[in-house]
Structures are given as structure tokens and as C-alpha cells.
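Notes to accompany the following structure.
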Amino acid sequence: MRKFLVVLDDSRECLNAMRFAAMRAAKSGGGVAILSIIPPDEFNHWIGVGAVMREEARERIHAHFEVFAKWMRDRQGVDPELIIREGDAGPEILAQVRDDPEIGVLVLGASVDKKGPGPLVTQMTRNAGALPIPVTIVPGDLSKERLEAIT
């Protein structure tokens, strides 16, 4: 089964990327893999504090994931999987793509901020020619109706 890989983070545009991935998966018989990446700099503390912070980060990710997963199951009939990795976002995304041969498309949400589409979109598009899969960039300000029309 072809999976759409979407990155779960705290950005506003993440919502549209999630919606797009779920709608495309539902209409194409695919799946959704939701990747959340814990940056390494969050744990540069004493060992005990770092372990507690890592566990708290995982709990936040699971809670955030469940909101999207419920919507995907209830509205789109898609049961997403959650993957949590630790490290820098770009290399971890590439590692996940290499580790899971069923991933067929990377879906990223683009910020509508005047500063640019966001660091992840910038980084991934800069290296798009070397990626083994296509990248779909979903504008963060698309309406639900427009997303439904284009998926």
C-alpha cells in the first residue's frame, strides 16, 4: 500500500497537510504515516531531566496525534500510523523514507508567512531532486472546500 508521509509539528500549516494526506489516502486506497520529530536540542540537560523531558514530549505527540487520527478515522476512513523519531528534521524525514518502502509521497504544509514557506519546506525543496519520492506542498491557507476539490 502506498503511504503519504506527513510531518506532525506545532505549525498552523500542519493541519492542511494532514487533511490533504488523509483525503488523498482515502480516495486512492492508500495509508497515512504521521512522523513527529523530537529535536535533539530539547534534551541537552542532565540525564535525568532529559529523560523526563523526552517522555513529556512523547506524551504531547501522542495527544496531538490522537486528535488527527480520530478525524482521519471518523471522516476519511483512514487509520494513520504514528512514527516518532529523535534528531534533526531533514535527516530524520529522509531516514524514514528510506526505512519504509511503502512511503510514496511526502506531504508538507507551507506557511503563508511573508518570511517564506517555513524551514522544513525550504530544506526539503532545496534537496527535492535527490529525494526518492515526490513532495507535495500544501498551502497553509487553503480552505477545507478547496482541499476537498483538489484531492
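Numbers for the structure displayed
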{"item": "Filter pass, residue 61 being assigned to a helix (DSSP H, G or I), buried (at least 18 other Cβ atoms within 10 Å of the Cβ) and either among the small types (Gly, Ala, Ser) or under 14 Å from the mean Cα position of the chain (by Cα) (or both)", "result": "yes"}
{"item": "Those strands (runs of 3 or more DSSP E) lying entirely in segment 66-151 with at least 1 residues crowded, with 17+ Cβ neighbours inside 10 Å and small (Gly, Ala, Ser)", "result": "103-110"}
{"item": "Residue count for segment 77-117, restricted to those that are in contact with a Ser or Thr (Cβ under 6 Å, 6 or more places away or on another chain) and touching a residue at least 60 places away in the same chain (Cβ under 8 Å)", "result": "2"}
{"item": "Residues located in segment 1-31, provided they are under 14 Å from residue 80 (Cα atoms), assigned to a loop (DSSP other than H, G, I, E, B) and not small (Gly, Ala, Ser)", "result": "1, 2, 8"}
{"item": "Close pairs (6 angstrom Cβ cut-off, 6 or more residues apart or separate chains): free of Cβ contacts under 8 Å to residues at least 12 places away in the same chain and farther than 19 Å from residue 87 by Cβ in segment 120-149, part of a helix (DSSP H, G or I) and of a type outside the set (Ser, Thr, Tyr) anywhere", "result": "none"}
{"item": "Set 105, 121, 138: member being in contact with a Pro (Cβ under 7 Å, 6 or more places away or on another chain), closer than 19 Å to residue 20 by Cα and not hydroxyl-bearing (Ser, Thr, Tyr)", "result": "105"}
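Just so you know, all these numbers are worked out from the coordinates, no wet-lab data involved. Please read all numbers here as calculations on a predicted model, not as lab measurements. For neighbour counting, all protein chains shown are included, and Cβ atoms are generated from backbone atoms with ideal geometry for every residue, glycine included.
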